[in-house]
Amino acid sequence: MGAIEDAIERADREGFTREPPKTLKGRIGYLIRQLGSAKAVAREIGVTADSVNRYRRGARKHPRSDVATKIDDAVRARRQPEVRKRRRRQAAATGGITVETRARFGYTAPVGTTDDGRFRRLTVHLPPPDYAQRLFEARDAGASDQEMRGIIADGFKDVYFQDGGLRAMGLSDVAINDIDYLDLDY
(Lines give C-alpha, C1' and ligand atoms only; values in the text may rest on other atoms or scores of the structure.)
Protein backbone atom coordinates (compact mmCIF):
# COMPACT_ATOMS: atom_id res chain seq x y z
CA MET A 1 0.00 0.00 0.00
CA GLY A 2 1.07 3.55 -0.62
CA ALA A 3 0.98 6.61 1.60
CA ILE A 4 -2.45 7.74 0.40
CA GLU A 5 -4.01 4.27 0.79
CA ASP A 6 -2.63 4.02 4.34
CA ALA A 7 -3.98 7.47 5.20
CA ILE A 8 -7.47 6.53 3.97
CA GLU A 9 -7.38 3.31 6.03
CA ARG A 10 -6.36 5.25 9.16
CA ALA A 11 -9.14 7.79 8.60
CA ASP A 12 -11.62 4.93 8.22
CA ARG A 13 -10.50 3.33 11.49
CA GLU A 14 -10.80 6.64 13.34
CA GLY A 15 -14.44 6.75 12.33
CA PHE A 16 -15.46 3.64 14.26
CA THR A 17 -18.34 4.36 16.61
CA ARG A 18 -17.69 1.08 18.45
CA GLU A 19 -14.35 -0.62 18.78
CA PRO A 20 -13.97 -4.15 17.41
CA PRO A 21 -13.75 -7.07 19.87
CA LYS A 22 -10.51 -7.02 21.86
CA THR A 23 -10.06 -10.69 22.76
CA LEU A 24 -8.91 -13.35 20.32
CA LYS A 25 -12.01 -15.41 21.12
CA GLY A 26 -14.26 -12.41 20.41
CA ARG A 27 -12.51 -11.59 17.14
CA ILE A 28 -12.73 -15.16 15.88
CA GLY A 29 -16.41 -15.31 16.88
CA TYR A 30 -17.04 -12.07 14.99
CA LEU A 31 -15.28 -13.40 11.87
CA ILE A 32 -17.25 -16.66 12.01
CA ARG A 33 -20.50 -14.66 12.16
CA GLN A 34 -19.37 -12.49 9.23
CA LEU A 35 -18.00 -15.27 7.00
CA GLY A 36 -20.37 -18.05 7.98
CA SER A 37 -18.02 -20.87 8.98
CA ALA A 38 -14.73 -21.75 10.61
CA LYS A 39 -13.55 -23.09 7.26
CA ALA A 40 -14.10 -19.70 5.57
CA VAL A 41 -12.27 -17.92 8.41
CA ALA A 42 -9.42 -20.43 8.10
CA ARG A 43 -9.06 -19.65 4.37
CA GLU A 44 -9.11 -15.92 5.15
CA ILE A 45 -6.37 -15.98 7.77
CA GLY A 46 -4.26 -18.87 6.46
CA VAL A 47 -4.67 -21.53 9.14
CA THR A 48 -6.65 -24.76 9.47
CA ALA A 49 -10.30 -24.89 10.48
CA ASP A 50 -9.23 -26.86 13.57
CA SER A 51 -7.01 -23.96 14.63
CA VAL A 52 -9.90 -21.54 14.17
CA ASN A 53 -12.10 -23.72 16.35
CA ARG A 54 -9.37 -23.88 19.01
CA TYR A 55 -9.18 -20.06 18.99
CA ARG A 56 -12.98 -19.87 19.24
CA ARG A 57 -13.13 -22.27 22.21
CA GLY A 58 -10.21 -20.58 23.94
CA ALA A 59 -8.04 -23.70 23.84
CA ARG A 60 -5.37 -21.76 21.93
CA LYS A 61 -4.92 -18.18 23.12
CA HIS A 62 -1.79 -16.93 21.41
CA PRO A 63 -1.59 -17.21 17.60
CA ARG A 64 1.64 -16.57 15.72
CA SER A 65 2.27 -12.88 15.15
CA ASP A 66 1.56 -13.10 11.39
CA VAL A 67 -1.75 -14.88 12.05
CA ALA A 68 -2.67 -12.35 14.76
CA THR A 69 -2.06 -9.54 12.26
CA LYS A 70 -4.24 -11.26 9.64
CA ILE A 71 -7.04 -11.72 12.21
CA ASP A 72 -6.85 -8.06 13.21
CA ASP A 73 -6.86 -6.91 9.58
CA ALA A 74 -9.81 -9.17 8.70
CA VAL A 75 -11.87 -7.88 11.63
CA ARG A 76 -11.08 -4.22 10.92
CA ALA A 77 -11.84 -4.62 7.22
CA ARG A 78 -15.34 -5.87 8.01
CA ARG A 79 -16.11 -3.65 11.00
CA GLN A 80 -18.88 -1.09 10.60
CA PRO A 81 -18.94 -0.77 6.81
CA GLU A 82 -22.03 1.45 6.92
CA VAL A 83 -20.29 3.97 9.18
CA ARG A 84 -17.39 4.14 6.72
CA LYS A 85 -19.70 4.52 3.75
CA ARG A 86 -21.71 7.28 5.47
CA ARG A 87 -18.54 9.25 6.35
CA ARG A 88 -17.23 8.93 2.79
CA ARG A 89 -20.59 9.98 1.29
CA GLN A 90 -20.67 13.01 3.57
CA ALA A 91 -17.11 14.01 2.64
CA ALA A 92 -17.83 13.52 -1.05
CA ALA A 93 -21.14 15.42 -0.91
CA THR A 94 -20.54 18.37 1.40
CA GLY A 95 -17.65 18.15 3.83
CA GLY A 96 -14.51 17.69 1.78
CA ILE A 97 -11.30 16.31 3.26
CA THR A 98 -8.50 17.70 5.38
CA VAL A 99 -4.98 16.70 4.39
CA GLU A 100 -2.04 17.07 6.75
CA THR A 101 1.34 16.31 5.27
CA ARG A 102 5.03 16.98 5.23
CA ALA A 103 6.31 16.41 1.74
CA ARG A 104 8.38 17.89 -1.03
CA PHE A 105 6.20 19.95 -3.34
CA GLY A 106 7.39 20.71 -6.82
CA TYR A 107 5.56 22.72 -9.42
CA THR A 108 5.77 24.16 -12.89
CA ALA A 109 5.85 27.94 -12.78
CA PRO A 110 6.29 30.73 -15.34
CA VAL A 111 9.73 31.84 -16.51
CA GLY A 112 11.42 34.15 -14.04
CA THR A 113 10.01 32.48 -10.94
CA THR A 114 11.41 29.61 -8.94
CA ASP A 115 10.05 26.14 -9.42
CA ASP A 116 12.46 24.41 -7.04
CA GLY A 117 10.71 21.83 -4.95
CA ARG A 118 11.01 22.12 -1.20
CA PHE A 119 9.68 20.39 1.89
CA ARG A 120 6.55 21.95 3.33
CA ARG A 121 4.41 21.00 6.26
CA LEU A 122 0.82 21.72 5.34
CA THR A 123 -2.59 21.16 6.84
CA VAL A 124 -5.17 22.11 4.22
CA HIS A 125 -8.91 21.56 4.17
CA LEU A 126 -10.03 20.82 0.62
CA PRO A 127 -13.65 22.00 0.89
CA PRO A 128 -14.71 21.35 -2.68
CA PRO A 129 -16.20 17.87 -2.20
CA ASP A 130 -15.21 16.83 -5.72
CA TYR A 131 -11.64 16.17 -4.50
CA ALA A 132 -12.94 13.72 -1.90
CA GLN A 133 -15.23 12.14 -4.49
CA ARG A 134 -12.40 11.79 -7.02
CA LEU A 135 -10.07 10.34 -4.36
CA PHE A 136 -12.58 7.71 -3.18
CA GLU A 137 -13.56 6.77 -6.73
CA ALA A 138 -9.90 6.39 -7.71
CA ARG A 139 -9.21 4.21 -4.67
CA ASP A 140 -12.24 2.01 -5.38
CA ALA A 141 -11.13 1.68 -9.00
CA GLY A 142 -7.70 0.46 -7.89
CA ALA A 143 -5.73 3.58 -8.81
CA SER A 144 -2.04 3.73 -8.02
CA ASP A 145 -0.64 5.81 -5.20
CA GLN A 146 0.81 8.20 -7.81
CA GLU A 147 -2.65 8.82 -9.32
CA MET A 148 -4.13 9.52 -5.90
CA ARG A 149 -1.22 11.88 -5.13
CA GLY A 150 -2.14 13.74 -8.31
CA ILE A 151 -5.70 14.29 -7.07
CA ILE A 152 -4.47 15.68 -3.75
CA ALA A 153 -1.85 17.79 -5.57
CA ASP A 154 -4.63 19.30 -7.73
CA GLY A 155 -6.52 20.19 -4.57
CA PHE A 156 -3.44 21.79 -3.03
CA LYS A 157 -2.83 23.76 -6.23
CA ASP A 158 -6.37 25.16 -6.30
CA VAL A 159 -6.89 25.75 -2.58
CA TYR A 160 -3.44 26.46 -1.13
CA PHE A 161 -1.12 27.67 -3.87
CA GLN A 162 -3.63 29.57 -6.02
CA ASP A 163 -5.99 30.46 -3.14
CA GLY A 164 -9.10 29.73 -5.19
CA GLY A 165 -7.93 31.80 -8.18
CA LEU A 166 -6.69 34.85 -6.27
CA ARG A 167 -2.94 34.35 -6.78
CA ALA A 168 -0.26 32.37 -8.62
CA MET A 169 -2.40 31.93 -11.72
CA GLY A 170 0.68 31.01 -13.80
CA LEU A 171 1.21 27.89 -11.70
CA SER A 172 0.34 24.93 -13.90
CA ASP A 173 1.35 21.65 -12.25
CA VAL A 174 1.93 20.72 -8.62
CA ALA A 175 3.54 17.42 -7.66
CA ILE A 176 3.85 15.78 -4.25
CA ASN A 177 7.13 13.90 -3.84
CA ASP A 178 9.10 12.42 -0.94
CA ILE A 179 6.17 12.15 1.47
CA ASP A 180 7.46 12.21 5.05
CA TYR A 181 3.95 11.61 6.41
CA LEU A 182 0.40 12.14 5.20
CA ASP A 183 -2.82 12.03 7.18
CA LEU A 184 -6.42 12.46 6.03
CA ASP A 185 -9.54 13.41 7.96
CA TYR A 186 -13.10 13.48 6.69
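The values are calculated or read from the model by the stated rules, or taken from the named source; none is laboratory data. In this text, all values refer to a predicted model and were calculated from it rather than measured experimentally. Reconstructed Cβ throughout: ideal geometry from the backbone, glycine too, with neighbour counts over all protein chains shown. Only protein heavy atoms, including side chains, enter the accessible area calculation; ligands, DNA and RNA are left aside. Shrake-Rupley method; radii C 1.70, N 1.55, O 1.52, S 1.80 Å.
Things worth noting here:
- Here the chain exposes an accessible surface that is 47 percent carbon and sulfur, computed with a 1.4 Å probe and the other protein chains kept in place.
- Mean-position separation - Cα centroids, the stretch 45-73 and the stretch 125-143, in angstrom: 36
- Inter-probe distance in nm under a simple model that places probes 7 Å from Cα toward Cβ, at Q146 and R102: 2.6
- Between R78 and K61, the modelled label-to-label distance comes to 2.5 nm, taking each label 7 Å out from Cα in the direction of the beta carbon.
- For peptides 81-90, 49-58, sequence by mean Cβ density within 10 Å, most packed first: 49-58, 81-90
- Label point distance in nm, K70-D130, each placed 7 Å from Cα along Cα→Cβ: 4.4
- Counting only DSSP H runs of at least 4 residues, each contributing -39500 (n - 2.57), and dividing by the residue count of the chain, the helix-based mean residue ellipticity at 222 nm comes to -14500 deg cm²/dmol.
- Entry comment: accessible area of the stretch 8-64 is 61 Å² per residue, from protein heavy atoms only and a probe of 1.4 Å.
- Charge context of N177, other residues only, Cβ under 11 angstrom, K/R +1, D/E -1: +1
- Shape index of the chain: Rg/Rh, with Rg the Cα radius of gyration and Rh the Kirkwood radius from the inverse mean 1/r over Cα pairs, equals 1.12.
- Projecting the Cα atoms of I71, A175, Y30 onto the charge dipole of the chain (Cβ charges, centred on the Cα centre) puts Y30 farthest toward the positive pole.
- Here the extension length gained between R89 and S37 equals 15.5 nm, from 0.36 nm per residue of separation less the Cα-Cα distance.
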